[in-house]
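Take a look at the structure set out below.
What follows draws every value from the coordinates through simple rules; no lab data is involved. Predicted model only: the values in this text are computed from it and were never measured. Here the Cβ is made from the backbone with ideal geometry for all residues, glycine too, and neighbour counts use every protein chain on show.
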Amino acid sequence: MKLSLLRHGESVGGRIYRGNQDDKLTAKGWQQMLDSTQNQSWDLIVSSPLLRCQIFAQHLKDQQQSKLALDDGFIELGFGDWQGLSAAQIGQNLVDDFKRNPIKNQPPNAQNLYDFQRCVMSAFNAVIAKQSNATLIIAHAGVIRVIKSHLLNLPIENMFTIEVINASCENFEI
C-alpha cells in the first residue's frame with residue numbers, strides 16, 4: 001500500500017503555534033499543495049477537518065474522483081496558551097525547551113502529548129485497516145510527526161526532531 005503524508009501549505013496568520021485554530025490557506029499555501037501533489041494520485045484521501053487541510057482535500061477528491069473522509073483524529077495538537085502566538089512572542093528559550101523535552105516543558109494548558117499520540121494513532125490504524133491501494137493523509141506537522149515517529153520507531157518524546165515543512169508530501173510503502 002502506498003501511504004502519502006501531506007502537510008497543509010502556508011496558512012493565513014504567518015508562522016505561529018496555530019494548533020487546532022481553524023485558519024485557511026494563503027494563495028501561496030494553496031499553490032504549494034498543488035505543486036507537491038502534482039503527478040500523484042490516490043484512491044483514498046483522509047483529511048483533518050480543519051480548513052487548511054479540508055478545503056484542499058475536497059479539491060483533490062473532485063479532481064481525482066477519489067474517496068474522501070474527514071477524521072477528527074488528525075486535528076493538530078492543541079498548544080494551549082501558546083496557540084496563535086509566534087516563537088518570538090512566546091520566547092525562543094521556552095520554545096527550544098519544549099522541542100527538546102515536550103513532556104516536561106509542555107505549554108500551559110496544552111493538550112497532553114500522549115493523549116494526542118493515542119488519538120492520532122487510533123485514526124491512523126483505522127486508515128491502514130481500510131487497505132486502500134494508495135492513501136493520502138492531509139494533516140498538520142504534529143500529526144505527521146506522530147505518524148512518522150511510529151513508522152520510524154522513534155519515541156514520541158523525540159517527535160520535534162522531525163522536520164515537516166509546509167506542503168511536504170512524503171510517500172511510504174506500508
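Overview of values
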{"item": "Radius 13 Å from Cβ of T26, net charge of other residues (Lys, Arg +1; Asp, Glu -1)", "result": "+3"}
{"item": "Residues in the range 52-72 reached by a label modelled at D43 [backbone nitrogen below 14 Å; 7 Å Cα→Cβ]", "result": "65-68"}
{"item": "Qualifying aspartates and glutamates (Cα of each under 18 Å from Cα of K104; at least 8 residues distant if same chain)", "result": "D81, D96, D115, E157"}
{"item": "Pair K148, N171: separation of 7 Å Cα→Cβ label points (nm)", "result": "1.8 nm"}
{"item": "Length gained when the stretch I128-D62 is fully extended (0.36 nm per residue, less Cα-Cα span)", "result": "21.5 nm"}
{"item": "Local electrostatic count, M159, Cβ distance below 10 Å [Lys/Arg +1, Asp/Glu -1]", "result": "+2"}
{"item": "Principal-axis tilt of helix 141-151 within the chain, Cα atoms, nearest 10 degrees", "result": "70 degrees"}
{"item": "Total charge dipole magnitude, the range 2-173, about the Cα centre, Cβ charges on Lys, Arg, Asp, Glu only, Debye to nearest 20", "result": "100 debye"}
{"item": "Cross-link pairs beyond the 18 Å C-alpha cut-off, checked among K2/K130; K24/K148; K99/K148", "result": "K24/K148"}
{"item": "Among A69, A129, A87: highest mean-square fluctuation, GNM of the chain, C-alpha pairs under 10 Å", "result": "A129"}
{"item": "Packing-based exposure ordering (other Cβ within 10 Å, fewest first) of D22, D81", "result": "D81, D22"}
{"item": "Computed [θ] at 222 nm, helices only, for the chain once each DSSP H run of length n ≥ 4 contributes -39500 (n - 2.57)", "result": "-11500 deg cm²/dmol"}
{"item": "Fewest-first sequence of H59, H140 by Cβ atoms within 10 Å of each Cβ", "result": "H59, H140"}
{"item": "Centroid-to-centroid separation of the range 60-79 and the range 100-157 [C-alpha atoms, Å]", "result": "15 Å"}
{"item": "Normalised contact order of the chain, rounded percent, pairs of Cα under 8 Å and 6 or more residues apart", "result": "38 percent"}
